[in-house]
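Take a look at the structure below.
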Amino acid sequence: MSLLIDLEQKGDILCVRLVGELDHHTAVKLRDRVDTALNEQGLTHVLLNLEKLTFMDSSGLGVVLGRYKKVQAINGEMVVCCLSQQVRRLFELSGLFKIVTFTANEREALNSLGAAS
């Protein structure tokens, strides 16, 4: 299976919704699409919705961490929501729970980034 990437702008927030598998084959595509959207639209924050992500490997973690560092460098924030048990376990093992904000759903993520839902 491939990765479908849905990007939506809400104010200064880039909402990224992923469907499918985030692995070494699809990580570059995600990185490029998110970086292009952030740069071209001048956005500060990223909301990453992983509700329909069925698989993620270390390449996917690298992309998430890289985008986190990118938004931190411009005084932005990243919030991740809707994790499956499998993806949640990967985030726990990697230590990303210690640095990235997680919420149960997209509405809470938007609220945490200061957007009216």
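The values are calculated or read from the model by the stated rules, or taken from the named source; none is laboratory data. Remember, predicted model here, so these are calculated numbers, not experimental data. Glycine also receives a Cβ, built like all others from the backbone with ideal geometry; neighbour counts cover every protein chain displayed. Just the protein is used for accessible areas: all its heavy atoms, side chains included, with ligands, DNA and RNA removed. Shrake-Rupley method; radii C 1.70, N 1.55, O 1.52, S 1.80 Å.
Of Val79, Val64, Val71, which residue is of a type outside the set (Lys, Arg), within 13 Å of the chain's Cα centre (by Cα), over 16 Å from Leu30 (Cβ atoms) and at pLDDT 95 or above? Working first, answer last.
Working: Val64 fails: over 16 Å from Leu30 (Cβ atoms); Val71 fails: over 16 Å from Leu30 (Cβ atoms).
Val79 is the lone residue from the list that is of a type outside the set (Lys, Arg), within 13 Å of the chain's Cα centre (by Cα), over 16 Å from Leu30 (Cβ atoms) and at pLDDT 95 or above.
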Which residue pairs have Cβ atoms under 9 Å apart, sit 6 or more places apart or on different chains, and have a first residue in the stretch 1-12 that is free of Cβ contacts under 8 Å to residues at least 60 places away in the same chain and a second that is aromatic (Phe, Trp, Tyr) and surrounded by 12 or more Cβ atoms within 10 Å (Cβ to Cβ)?
Met1/Phe55
Has the stretch 30-53 got any residue that is over 10 Å from the mean Cα position of the chain (by Cα), open to solvent by 70 Å² or more (accessible area, probe 1.4 Å) and under 20 Å from Ser112 (Cβ atoms)?
yes
The stretch 84-110, residues that are open to solvent by 80 Å² or more (accessible area, probe 1.4 Å) and either of a type in the set (Lys, Arg) or modelled with pLDDT of 95 or more (or both):
Arg88, Arg89, Lys98, Arg107, Glu108
Considering residues that are touching a Leu at 6+ places or on another chain (Cβ under 9 Å), open to solvent by 60 Å² or more (accessible area, probe 1.4 Å) and either within 17 Å of Lys98 (Cβ to Cβ) or among the aromatic types (Phe, Trp, Tyr) (or both), the number found within the stretch 59-83 is 1
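Against the condition polar (S, T, N, Q) and either under 11 Å from the mean Cα position of the chain (by Cα) or under 24 Å from Asp23 (Cα atoms) (or both), how does Asn105 come out, does it pass? Steps first, please.
Details: polar (S, T, N, Q): yes; either under 11 Å from the mean Cα position of the chain (by Cα) or under 24 Å from Asp23 (Cα atoms) (or both): yes.
Answer is yes for this residue.
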